[in-house]
Structure formats: C-alpha cells, structure tokens
1. Answer rounded, prolate or oblate for the range 62-151, using the Cα gyration tensor with square roots of eigenvalues a ≥ b ≥ c: rounded when a/c is under 1.5, else prolate when a/b is larger than b/c, else oblate.
2. Set the Förster distance to 41 Å, then compute FRET efficiency between residue 36 and residue 181 from the Cβ-Cβ distance, nearest 0.05.
3. Quick check on the range 37-86: take the gyration tensor over C-alpha atoms, sort the square-rooted eigenvalues as a ≥ b ≥ c, and tell me if it's rounded (a/c under 1.5), prolate or oblate.
Amino acid sequence: MPTPAGGALPPYTRLAAHLKALRIAARLTQRDLAHAAAVSRGTVQNAETGAAAPSPGVLDALLDACRADEGARRQAHQLRTYGRAATRRRDRGRPPAPAPANVRSRGDLADVLAEIYDKAGAPSPAAFTRPGPGLAPIPRTTLYNITTRRRLPATEEQLDTYLTICRVRRTDHAHLHAAWQRHHDPHHPPPPPTPAEPRPAPPSSTTRGSAPRSPACSTS
C-alpha cells in the first residue's frame, strides 16, 4: 500500500497486513476466506487493503476461518484498536499525544488521557461508574469530559480508576499522577466552607417587662 506524502500510514495498514499474512498462512484465497467466515469477498478485500476495518464480530469470524492462534488474535484486536485511535486523531486533526513521561502542560495531559481511552478500545461507561473494589467511581459526565479533553479527573482517586480501567502500565501511573498534581483542573477547586450563621443582634437597653419610654412631649 502506498504511503501518503506526509509519511504517515493509513490507520489500518498494519491490521490489513496482519490479516493478509494469516490468510496466506492458512492457504486460503480471498473467496475461500469470505465463504468460511460467511462474509462478502468485498469485506475481505477492504480488510486486507485497510480501506475499512472489520467490526469486532467480523474480525473474529475472519480469525476463526484462518485458524489463528491466541497470540495472533490478540494482536489483530490490538491493531484494530490502534487504527481506531489513529482514525479519531486524524478526524480531529490532532497530532499524537506525548508519552506519559513527557507531559509538560495541562493540554498534554488531557491529550494523553483521551488517547489512553481510545487505545483501550473505549471501555463501557459502566466500567467507570461501577468499578471494582478499591476504585473510586467516575460519573458519566466526568468521563465524557475527560475523553473529550474538556476536564481532567476531579481527584487522584478518579485518575487511578481511569488508568486502571484503561489498562495503563503501572510504570506510567507515577508519571501521570505527577502530571495531574502539577496541572489538575483549576475549574474544580474544593467547595468553599459554609459561612457561619449570623449572630443575633444584642438585646436593646429596654428592661424586660417594662414599657418603652415615650418620647418627651414639648410644652407650648
């Protein structure tokens, strides 16, 4: 497949080459593979040229037909996830995010967290709102704001949940926690303390039980 003038490969090039190699190793023609996987030949052609990525279900059918082993299957799904992330970056016109150790600004950190989510295959919101024991839940609105670069996690506990659900390497956790401490969202400061109740006004000089004095009347 020709490389674009900019030097970047199309998003699904590596997945396409992987699938083609698996088909050839299985000694199948494209027509044979299409028949065995119960898909059209055009679907096979699109997958092998990188014109379009197969859905997860179709990808599994192609892998089954090629009798791919567990390692080849895992690699195929990872390549599809990477291609999906590259496609979203291209559509947004954004360059790749920096490495976790190279975060220098709040924008860098927001880019890294959004890319982490894409590379993890966009896990279900339920995985974040109802995480496992020991992990702080992340509300849907907060998750949306993180994945769209609008906000950072509100707390370090939420950041840890996010990184854990997205299967970030433990060696990168420390870099990202340090970056969060430097650049966490200033739009979410802790709530101000509740103001004290106003004290009641001091009692007047009027003696309890006595009638108030009438103003002095002028005499004519």
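Computed from the coordinates by the stated procedures, all read-outs in this text should not be read as laboratory data. These numbers come from a predicted model, not from an experiment. Reconstructed Cβ throughout: ideal geometry from the backbone, glycine too, with neighbour counts over all protein chains shown.
1. Cα axes put the range 62-151 in the oblate bin.
2. Details: r = 53 Å, r/R0 = 1.30.
Calculated value: 0.15.
3. Numbers: a/c = 2.05, a/b = 1.03, b/c = 1.98.
Judged from the Cα gyration tensor, the range 37-86 comes out oblate (a/c at least 1.5, b/c at or above a/b).
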